[in-house]
Amino acid sequence: MQPIQTYRGREVHPEDIDFIRNLIAAYPQAKRQELSRLLCKAWNWVQPNGQLKDMICRGLLLRLQERGFVQLPKPQSDQTSQTRHQHRPAPAPVDDSPLACTLAELKPIILRSVRRTPQEAIFNGLVESHHYLSYRQPVGEHLKYLAIAHGRPIACLAFSSVAYRLAARDSFIGWTDAIRGKSLHLLAYNTRFLILPWVRVPHLASHLLAAVSRRLSADWAAFYHHPIHWLETMVDRSRFAGTSYRAANWILLGKSSGRGLRAKGSDPRKSIKDIYGYPLIPDFRERLYHG
């Protein structure tokens with residue numbers, strides 16, 4: 001039987017909808033977060049490190065509500081755009097004086113993983129203030145890096161879980177739906193890459209991409225108990241040429257359709273993006289096929 005919904009690799013069938021409805025009815029006072037955690041425990045929907053996939057589960061519940069399959073309790077707080085704005089990351093107090101030199105003069109560069117450290121707030125504030133997409137809290141597995149030189153932050157890089165389907169990537173890897181479902185956690189998406197605007201150092205971007213690619217899998221395994229074999233990203237063609245990714249030997253896989261995941265029709269306001277991928281090991285296909 002075909003599933004009525006597939007979300008982040010999880011297939012949902014009619015009996016699953018009945019189970020969720022009964023769960024909601026059994027816990028009438030439960031908030032959305034409580035329901036997602038209860039559902040994760042019932043389904044044993046966990047990350048490789050044993051943590052519940054409650055944020056992903058919450059996204060699934062919202063998708064099912066949008067389609068009319070379930071009715072969730074009202075949100076705990078009805079946030080307006082003004083109150084949401086008040087919870088944006090605060091600006092980071094850093095040295096923003098111009099820094100222009102060669103890459104050799106800038107070294108040594110420290111690439112620091114800042115997830116769940118006091119410096120994570122600095123990362124969040126810099127991305128919020130200086131990245132054209134601002135900051136968005138990742139859902140699921142993710143890592144954040146600050147690049148530091150001369151005692152000050154110079155760049156930010158973030159990686160998170162990938163989209164379940166991406167035609168250009170899926171075609172390049174050549175996997176089936178079943179293989180993708182069990183191996184998707186071995187991929188990571190470069191969600192943010194920011195060279196701070198006062199830093200002018202030729203070849204810095206490609207140098208940082210190469211540096212992070214050498215350590216990301218080990219860092220991910222330390223955090224989530226599994227490696228990463230493949231990286232990917234999308235580059236907005238209306239803003240960037242993707243030069244640093246190509247210089248770091250990332251592969252141009254194709255172009256996006258210009259439509260979001262939930263788009264119901266063409267939207268001329270959506271920009272076309274170049275899709276890049278980067279295998280972290282030579283036998284990445286074999287590793288991904290076997291999960």
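The values are calculated or read from the model by the stated rules, or taken from the named source; none is laboratory data. Not measured: the values here are computed from a predicted model. In this analysis, Cβ positions are derived from the backbone assuming ideal geometry, glycine residues included, and neighbour counts consider all displayed protein chains.
With respect to the numbered conditions (1) touching a helix residue (DSSP H, G or I) at 6+ places or on another chain (Cβ under 6 Å); (2) on the phi > 0 side of the Ramachandran plot, which one is the sole condition not fulfilled by Arg58?
Result: Arg58 fails condition (2) only.
Right, Leu23: touching a helix residue (DSSP H, G or I) at 6+ places or on another chain (Cβ under 7 Å), surrounded by 13 or more Cβ atoms within 10 Å (Cβ to Cβ) and free of Cβ contacts under 8 Å to residues at least 24 places away in the same chain or not?
When the stated conditions are applied, Leu23 passes them.
Among (1) closer than 21 Å to Tyr132 by Cβ; (2) at pLDDT 95 or above, which single condition is Leu280 missing?
Every condition holds for Leu280 apart from (1).
Does Tyr189 satisfy the criteria of being modelled with pLDDT of 95 or more and farther than 23 Å from Asp96 by Cβ?
yes
Is it fair to say Phe240 is at negative phi and free of Cβ contacts under 8 Å to residues at least 40 places away in the same chain?
Yes: the conditions hold for Phe240.
Return the pair list, or none, for Cβ contacts closer than 6 Å from residues in segment 45-58 that are in contact (Cβ under 8 Å) with a residue 24 or more places away in the chain to residues that are loosely packed, with under 14 Cβ neighbours inside 10 Å, at least 6 apart or on different chains.
Pro48/His225; Asn49/His225
Can you tell me which residue is surrounded by the most Cβ atoms within 10 Å (Cβ to Cβ) among those in segment 224-245 that are in contact with a strand residue (DSSP E or B) (Cβ under 7 Å, 6 or more places away or on another chain) and charged (D, E, K, R)?
This residue is Glu232.
What about Tyr132, is it surrounded by 19 or more Cβ atoms within 10 Å (Cβ to Cβ) and of a type in the set (Phe, Trp, Tyr)?
For Tyr132, the condition - surrounded by 19 or more Cβ atoms within 10 Å (Cβ to Cβ) and of a type in the set (Phe, Trp, Tyr) - is not met.
Return the total of residues in segment 161-186 being buried (at least 18 other Cβ atoms within 10 Å of the Cβ) and of a type in the set (Ser, Thr, Tyr).
The qualifying residues number 2.
Could we say that Leu146 is under 26 Å from Pro279 (Cβ atoms), in contact with a Lys or Arg (Cβ under 6 Å, 6 or more places away or on another chain) and not assigned by TED's automatic domain parsing to the domain that holds Gly9 here?
Judged against the criteria, Leu146 is a match.
Which members of segment 173-226 meet the condition of being β-branched (Val, Ile, Thr) and without any contact (Cβ under 8 Å) to a residue 12 or more places away in the chain?
Passing the criteria: only Thr176.
Does segment 135-143 include one or more residues that are touching a residue at least 40 places away in the same chain (Cβ under 8 Å), of a type in the set (Val, Ile, Thr) and out of contact with any Leu (no Cβ under 9 Å at 6 or more places or on another chain)?
For segment 135-143, residues touching a residue at least 40 places away in the same chain (Cβ under 8 Å), of a type in the set (Val, Ile, Thr) and out of contact with any Leu (no Cβ under 9 Å at 6 or more places or on another chain): present.
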